[in-house]
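To start, the structure itself, in structure tokens.
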Amino acid sequence: MHHRSLSILGAPLAGALILMSVSCETPASPTPELMEAEVQPTFNRSVQSEVAQDDLLKAARQATARFHSPTQALRAGYEPADHCVEIPGVGGMGYHWANESLVHDSFDPLEPQVLLYATGPSGRPELVGVEYVVIDVGQEHPTFGDHPFDVGGTPIPVDHWSLHVWLYEENPEGIFEQFNPNVSCP
């Protein structure tokens, strides 16, 4: 099995530091407020998390943009599905085009195992999102940035995690929700 790591996950994040402004003039006897304000810069983890998540989503969009063309998806080894997944009143997932050669025990956000298509107004498939599937062999629970994968969720006969990411169709329920009310089956 060939596994690649992604360096973007460990990259330093510009703008993730929150610096406190300090006056250039220091009074002769500092006040308790000024002494507290002159602490070292702090790392704001929620900002770091948002920046990392946004960078990861951007990288995933760039890596999968070519699959707006179903022909490119076929050339890359994705197999079209003839079954559209939808639950009335909840939303849909669309058609799952899977590339089984990408299903293994590690996560690469640039190589989703499944492309999610919905039927567009012209009747042609339109890329709406991706799904990641990671086989569970006892490794740590995978995450997309800080967002954990779901346990199971995909009809495959081995323990696994999966995660839907609505990269191309806004999901009012959230970008990582399984079902998207904006996606329906014909």
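The values are calculated or read from the model by the stated rules, or taken from the named source; none is laboratory data. This one's a predicted model, so the numbers in the text were calculated from it and none came from an experiment. With ideal geometry, Cβ positions are generated from the backbone for all residues, glycine too; neighbour counts draw on all protein chains shown. Side chains are part of the model used for accessible areas, which takes the heavy atoms of the whole protein and leaves out ligands, DNA and RNA. Shrake-Rupley method; radii C 1.70, N 1.55, O 1.52, S 1.80 Å.
Tally time: how many residues in segment 164-179 are touching a Pro at 6+ places or on another chain (Cβ under 8 Å) and buried (at least 20 other Cβ atoms within 10 Å of the Cβ)?
Restricting attention to segment 164-179, the residues satisfying the condition of being touching a Pro at 6+ places or on another chain (Cβ under 8 Å) are 165, 171-173.
Cutting the leftovers down to buried (at least 20 other Cβ atoms within 10 Å of the Cβ) gives us 165, 171.
So the count comes out to 2.
Answer yes if at least one residue in segment 75-84 is open to solvent by 50 Å² or more (accessible area, probe 1.4 Å), hydroxyl-bearing (Ser, Thr, Tyr) and over 17 Å from the mean Cα position of the chain (by Cα), and no otherwise. Working first, answer last.
Quick first cut of segment 75-84, residues open to solvent by 50 Å² or more (accessible area, probe 1.4 Å) only: 75, 79-80, 82-83.
Filter again for hydroxyl-bearing (Ser, Thr, Tyr), leaving none.
No, segment 75-84 contains no residue that is open to solvent by 50 Å² or more (accessible area, probe 1.4 Å), hydroxyl-bearing (Ser, Thr, Tyr) and over 17 Å from the mean Cα position of the chain (by Cα).
Matching residues to (1) among the small types (Gly, Ala, Ser); (2) under 15 Å from the mean Cα position of the chain (by Cα); (3) open to solvent by 20 Å² or more (accessible area, probe 1.4 Å):
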{"residue": "VAL90", "(1), (2), (3)": "no, no, yes"}
{"residue": "TYR95", "(1), (2), (3)": "no, no, yes"}
{"residue": "GLU111", "(1), (2), (3)": "no, yes, yes"}
{"residue": "GLU126", "(1), (2), (3)": "no, no, yes"}
{"residue": "PRO142", "(1), (2), (3)": "no, yes, no"}
{"residue": "ASP150", "(1), (2), (3)": "no, yes, yes"}
{"residue": "SER184", "(1), (2), (3)": "yes, no, yes"}
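Of all residues in segment 97-109, which are under 17 Å from PHE149 (Cβ atoms) and either buried (at least 21 other Cβ atoms within 10 Å of the Cβ) or in contact with a Phe, Trp or Tyr (Cβ under 7 Å, 6 or more places away or on another chain) (or both)? Give the steps one after another, and end with the answer.
The first filter runs over segment 97-109 and keeps only residues under 17 Å from PHE149 (Cβ atoms), leaving 98, 102-109.
Within segment 97-109, ALA98, PHE107, PRO109 meet the criteria.
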Taking SER122 and the conditions (1) touching a His at 6+ places or on another chain (Cβ under 9 Å); (2) more than 18 Å from ARG61 (Cα to Cα), which numbered condition does it fall short on, given that it satisfies the others? (1)
Yes/no for GLU131 being at pLDDT 95 or above, part of a strand (DSSP E or B) and open to solvent by 60 Å² or more (accessible area, probe 1.4 Å): no
